[in-house]
Amino acid sequence: MKTPFNKFIYIGFLLLGAYQSLFTKDYMQAASSFGIGLAFDPFNTDQKWNERPIWQKVVLIAHLALVAALLGFGIGLDDK
């Protein structure tokens, strides 16, 4: 998808994940929402990973780390 619509879907999933983690405290659903958001790359999708600027790589890797942290946090809270 090479449309700016990707950015709107990406932001929508970020907002949904933030709502799920902050207000409903459903960390597993938040992790999945943030993870689905990663599928809608907000940057130029035609650009290869090696050609991307460092700041774009940092944003996407930090986003992936947030997904992993929420997944671990959700699993840890459910382990009683």
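The values are calculated or read from the model by the stated rules, or taken from the named source; none is laboratory data. On a predicted model such as this, the values are computed, not experimentally measured, just so you know. So basically every Cβ, Gly included, is an ideal-geometry build from the backbone, and we count neighbours across all protein chains shown. For the accessible areas, the whole protein counts, side chains as well, though only heavy atoms, and no ligand, DNA or RNA atoms are used. Shrake-Rupley method; radii C 1.70, N 1.55, O 1.52, S 1.80 Å.
The table that follows gives values for the structure above.
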quantity	calculated
Some residue of segment 25-33 being open to solvent by 40 Å² or more (accessible area, probe 1.4 Å), touching a helix residue (DSSP H, G or I) at 6+ places or on another chain (Cβ under 8 Å) and not in a helix (DSSP H, G or I)	yes
Single unsatisfied condition, residue 43 versus (1) outside any helix (DSSP H, G or I); (2) open to solvent by 50 Å² or more (accessible area, probe 1.4 Å); (3) of a type outside the set (S, T, N, Q)	(2)
From 77, 64, residue being modelled with pLDDT under 90 and out of contact with any strand residue (DSSP E or B) (no Cβ under 7 Å at 6 or more places or on another chain)	77
Residue satisfying all of: in segment 1-11; in a helix (DSSP H, G or I) and open to solvent by 90 Å² or more (accessible area, probe 1.4 Å); farthest from residue 59 (Cα to Cα) among these	5
Among the residues listed as 77, 14, 64, the single one being assigned to a helix (DSSP H, G or I) and surrounded by 16 or more Cβ atoms within 10 Å (Cβ to Cβ)	14
